[in-house]
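Structure, as structure tokens:
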Amino acid sequence: MRPILSRPARLLLATAILAGCQTTGAPPVSATTNETSTATSASAATALPAAQQQPVSFDEWLKGLRAEALGQGIRPQTFDRAFARVKLSDRVNELDSAQPEFTRQPWQYLDSMVNENRVQQGRQKLQENAALLRRVSQRTGVPPEILVAHWGAESDYGRGTGGFSVIDALTTLAFNGRRAAYFRTELLAALRILDSGDIPPERMSGSWAGAMGQTQFMPTIFLKHAIDEDGDNRRDIWGSLPDVFASTAKFVQANGWRAGESWGEEVSLPSGFPYDQAEYNITKPMSEWRQLGVRPLNGGQLSGDGPAAILVLGGHQGPAFLVRENFRAIMKYNPSTSYALAVGLLADRITGRPGIQGNWPRHEQALSKDERMELQQRLASLGMEPGTADGIVGANTRNAVRRFQKSIGAVPDGFATKSLLERLRQASGAVQAAG
Ligand SMILES: [Ca+2]
């Protein structure tokens, strides 16, 4: 529907691209911006419902959907009004099937998400809405700056909520998308929202994958967590800031936010640190990290008991972060470690704390999809067990990279770059020559 991607679409795709290189190993169940899972879930294509194997006309399909919706108690006039001018969207199909060719490095993503402009805007929004944010924060334990940072990350403080009709987008994806069953559930949830009168269909806008309004909630998340804070009997995450902040806070609280604790911090690691322990899924009590020599940047000792994990998204040459339980709560909004880091750092900057102190290894180039697959194939041929050669660098691939790094005496940080692929090519060439 537009010649170039809008800012929110680019933002969401960027998240998807990053999730591709930093998938957490968890099943792809993004709570809100579902693009993350859509673009990276290779297994989704294998789970087509039976209906997909016997194509039906759109009219027949719509009849079936109407019967199902009415069976769930949605009023016929709601359904008919929602679908009066429904259009299948080629653009949605295009975005759904887009496979990212190039991965952005974490610092490129963070540069775009936590830039000076975003920080300044965030400070202003925090001030403008101070009383409201304080009230919501006191009730839920989620700090105002975290609410503002989610808002900034999801929709650039409400400016980029996606220009798609949610009904059109979800209908397109439910009718013939790769994950039709999932989107059918979301479409029925969207109809339930319309039926409850929260928003008229023509104002129900969102991303190409149906993430709605300023919070970018998927419809099922809206039904569970959206709040009418301003008391007009409508949960309006499109136009009401009280509703936006209260809904975000309820969702983040439900995701396990611990009041009074931070998301984490940048830390310094000693030389000889066991970088094979720097992985999102490896958590340890704080006492163990202290023993391993992990320190706050400004000296002293780490506070709290843990559990926490160490993240080095740019390998051992880049900054290191200790991430706590609240980091996991942020990730339930969008299951990408880079996303959660962006929200945490944006919140820090908004409240005047410094940004990242360490330097990223900006000379390290990202791998293309072909190169990622080559990396995996070469690791497999050396017996490093990277899992399926699908071009997605997750924990399995990172651990295989670590095995290879150990085998050549390099620091086992699992960071897959062009220079690492080059060393791998040399090593597998050497193996071939020896064989
Ligand atoms: Ca309201």
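Axis of helix 369-381 versus longest Cα principal axis of the chain: the two differ by about 50°, to the nearest ten degrees. Between ARG81 and SER97, the simple spin-label model (points 7 angstrom out along Cα→Cβ) gives 3.5 nm. Determine which residues of segment 326-365 fall in the zone a paramagnetic label at GLN138 would reach in this model, i.e. backbone nitrogen under 12 Å from the point 7 Å along Cα→Cβ. Within reach of a label on GLN138: no residues.
Any idea what log10 I(q)/I(0) is at q = 0.07 Å⁻¹ for the chain, Debye with uniform C-alpha scatterers and no solvent? One equal scatterer on each Cα of the chain leads to -0.37.
Most exposed first by the Cβ proxy, i.e. fewest other Cβ within 10 Å, how do ILE310, ILE227 rank? Before the final figure, lay out each step's value.
Working: ILE310 24, ILE227 19.
If I rank by nearby Cβ atoms, fewest first, I get ILE227, ILE310.
Of the candidates ASP230, ASP96, ASP59, which one comes out as most mobile in a Gaussian network treatment of the chain with C-alpha springs shorter than 10 Å? Looking only at ASP230, ASP96, ASP59, the biggest GNM fluctuation is shown by ASP59. Under 5 Å between amide hydrogens, built in the peptide plane, is the criterion, and for ALA320 it picks out VAL267 among residues at least 5 positions away or on other chains. For the chain, a Gaussian network of Cα nodes joined below 10 Å ranks PRO144, PRO76, PRO335 by mean-square fluctuation, and the top entry is PRO76.
May I ask you to list the aspartates and glutamates whose Cα is less than 14 Å away from that of LYS63, ignoring any residue fewer than eight positions away on the same chain? Counting by Cα, and skipping residues close in sequence, LYS63 has these aspartates and glutamates nearby: ASP80.
For segment 280-320, compute Rh as the Kirkwood radius over C-alpha pairs and then the Stokes-Einstein diffusion coefficient at 10 °C and 1.306 mPa s; write the answer in µm²/s, rounded to an integer. Walk me through the numbers before you get to the answer.
On the way: Rh = 10.9 Å.
D, rounded to a whole number, is 146 µm²/s.
Each Cα pair under 8 Å and six or more residues apart adds its sequence gap; the mean of these over the residue count of the chain is a relative contact order of 19 percent.
Compactness check for segment 288-346: Cα Rg over 2.2 N^0.38 Å is 1.16.
Take the eigenvalues of the Cα gyration tensor for segment 306-418, scale each by 5, and report the square roots as semi-axes in whole Å, largest first. Kindly include the intermediate steps, with their values, before the conclusion.
On the way: eigenvalues 162, 47, 36 Å².
Whole-Å semi-axes of the equivalent ellipsoid: 28, 15, 13.
What residue among ASP198, ASP413, ASP111 shows peak mean-square fluctuation when the chain is described by a Gaussian network model with Cα springs under 10 Å? Among ASP198, ASP413, ASP111, the largest mean-square fluctuation in the Gaussian network model of the chain belongs to ASP111. Residue by residue, segment 299-309 carries 3J(HN,Hα) couplings of x, x, 10, 5, 8, x, 10, x, x, 8, 10 Hz when phi is fed to the Karplus relation 6.51 cos²θ - 1.76 cosθ + 1.60 (θ = phi - 60°); x denotes Gly or Pro. Nearest 10 degrees, 0 to 90: what angle lies between the long axis of helix 337-350 and the longest principal axis of the chain (Cα atoms)? The two axes meet at around 80 degrees.
For each pair in LYS284/LYS332; LYS284/LYS406; LYS87/LYS125; LYS369/LYS406; LYS332/LYS369; LYS125/LYS369, compute the distance between the two Cα atoms and list the pairs where it is over 28 Å. Before the final figure, lay out the partial values.
On the way: LYS284/LYS332 20 Å; LYS284/LYS406 22 Å; LYS87/LYS125 36 Å; LYS369/LYS406 24 Å; LYS332/LYS369 26 Å; LYS125/LYS369 39 Å.
Violating the 28 Å Cα-Cα cut-off are LYS87/LYS125; LYS125/LYS369.
The long axis of helix 116-128 is offset from the longest Cα principal axis of the chain by roughly 50 degrees.
Throughout, read-outs are computed from the coordinates displayed, never taken from laboratory work. As the structure is a prediction and not an experimental result, all values here were calculated from the model. Positions of Cβ are backbone-derived with ideal geometry, glycine not excepted, and every protein chain shown enters the neighbour counts.
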